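First the structure, in the form of structure tokens, and then the observations on it.
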Amino acid sequence: RHSFYLMNKVTKPGATVKFPIYLSSVKTLKDMTFQLEFPEELTPDFTQVEMSEKAVGYSISYTQQDEKNYIFTLKDGEVPAGNAALLVFTINVSPDIITALDYPVKINLVEVTEEDGTTATASTRNGRISVYKLGDTNGDDVVNALDVLNMAKVAVNKTTEIFIQEVSDINEDDGINALDVLGVVKIAVNKE
């Protein structure tokens, strides 16, 4: 009846990531508690936790269990039945983080209180944050001629076996074009 699920995000060193927790429920929910495990390298800024517009009146508190695990408690609020982002965390990615890795984010130990006072558990789905170097269009952790070729193919609407969009839009204009190809060339030349 209730599901909490995390997404998979792709980013680059030095970026800021908005990482949501989604809730799907067939009933209105009141108080809830759950455990989140963030990788040590990608700890959220807990002063910037955003609550969904659908979740009304909650006070949020958390306790840190260890370097990775946090217990969150949401009290005195209500979220109606349906699907919505419940919370959104802001994560500042270190410029020197190890790249070409998937960093898992886990949710478990969920307990919710339904509108009638019934306590229930919820199913969960974990997520991850994948970090790649800017211009590493094929995810091999090196920005080189293969990435330039990959970019050129995509810029002229050809398909490639692997293409990581999130680290390929070099000029951040929400498209892949010749300027992005030139951007990858510049990155590759400066690294080789």
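Look at segment 37-60 and say how many of its residues are closer than 21 Å to V110 by Cα and in contact (Cβ under 8 Å) with a residue 60 or more places away in the chain.
Summing the residues that are closer than 21 Å to V110 by Cα and in contact (Cβ under 8 Å) with a residue 60 or more places away in the chain in segment 37-60 gives 3.
So, in segment 62-71, of the ones that are assigned to a strand (DSSP E or B) and among the polar types (S, T, N, Q), which residue ends up most open to solvent (accessible area, probe 1.4 Å)?
Q64
Output the residue which, of all residues in segment 1-25 that are among the charged types (D, E, K, R) and part of a strand (DSSP E or B), is farthest from the chain's Cα centre (by Cα).
K18
Can you tell me which residue is nearest to the chain's Cα centre (by Cα) among those in segment 171-187 that are open to solvent by less than 40 Å² (accessible area, probe 1.4 Å) and among the β-branched types (V, I, T)?
Out of the qualifying residues, it is I176.
Just a yes or no: is a residue in segment 72-80 closer than 26 Å to E115 by Cα, among the basic types (K, R) and outside any strand (DSSP E or B)?
Among the residues of segment 72-80, not one is closer than 26 Å to E115 by Cα, among the basic types (K, R) and outside any strand (DSSP E or B), which makes the answer no.
Tally time: how many residues in segment 28-59 are assigned to a loop (DSSP other than H, G, I, E, B) and crowded, with 17+ Cβ neighbours inside 10 Å?
So the count comes out to 6.
The values are calculated or read from the model by the stated rules, or taken from the named source; none is laboratory data. Not measured: the values here are computed from a predicted model. Reconstructed Cβ throughout: ideal geometry from the backbone, glycine too, with neighbour counts over all protein chains shown. Just so you know, the surface numbers come from the protein's heavy atoms only, side chains and all, with ligands and any DNA or RNA stripped out. Shrake-Rupley method; radii C 1.70, N 1.55, O 1.52, S 1.80 Å.
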